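Reading through the structure tokens given below for one structure.
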Amino acid sequence: MDIFESYLQKKQSSNIIKRALTDVSMKSGHYLIPKNQSNADFEILGDAILKEALYDRRIRLAIDMGVEAVNMKKEAPFADKQLVEKIGKHYDILKYIDYNKMNTTLLPEYKRSPFSRHILAAVKAMITAIYKEENYNLSPIENIIVEWRELL
């Protein structure tokens, strides 16, 4: 079990993980969760945290190798499609997401579909949750990046 998966298993015991896995669709219908209890803002942060972890990793590698790193460009480590179709599917993240089951546009598929948006949000939100659970330490996120590279 890798780092990401071990945190998925903590959904019932961690409010931060539970929030990361609570889709924004839960704010509609008969669920009506409070605004700050969905993963919407965690998703945005997760994207930034992934980029920062990759950038820090590149800088360290460049320094270790004696390469000038001043002009290194920040890039997303993974395309959104990879996060949905490879990472989301690998962890079967759909079974962890709380979403509005009355919303018929949410289909349980790992291919390009309306539901892919919710899988992507959960994967990125989990990065934020792990970062918070790890006391804002990027090292576990860097380790996740290494693990995910092996999945692709």
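Within the range 136-150, being in contact with a helix residue (DSSP H, G or I) (Cβ under 8 Å, 6 or more places away or on another chain) and free of Cβ contacts under 8 Å to residues at least 12 places away in the same chain holds for one residue alone: N137. Does at least one position in the range 118-131 carry a residue that is surrounded by fewer than 20 Cβ atoms within 10 Å (Cβ to Cβ) and either assigned to a helix (DSSP H, G or I) or among the charged types (D, E, K, R) (or both)? No, the range 118-131 has no match at all. For the range 97-117: of the residues being surrounded by 18 or more Cβ atoms within 10 Å (Cβ to Cβ) and outside any helix (DSSP H, G or I), which is modelled with the lowest pLDDT? Filtering the range 97-117 for residues that are surrounded by 18 or more Cβ atoms within 10 Å (Cβ to Cβ) and outside any helix (DSSP H, G or I), the one modelled with the lowest pLDDT comes out as Y110. For I59, are the conditions met, namely being at pLDDT 80 or above and either under 27 Å from H118 (Cβ atoms) or not acidic (D, E) (or both)? Here the answer is no, as I59 does not meet what is asked.
Looking across the range 24-43, just one residue is assigned to a loop (DSSP other than H, G, I, E, B), at pLDDT below 85 and under 19 Å from L8 (Cβ atoms), and that is S38.
The values are calculated or read from the model by the stated rules, or taken from the named source; none is laboratory data. A quick note: this is a predicted structure, and the numbers were derived from the prediction, not measured. A quick note on method: Cβ atoms are made from the backbone with ideal geometry, for glycine too, and the neighbour counts reach across all protein chains shown.
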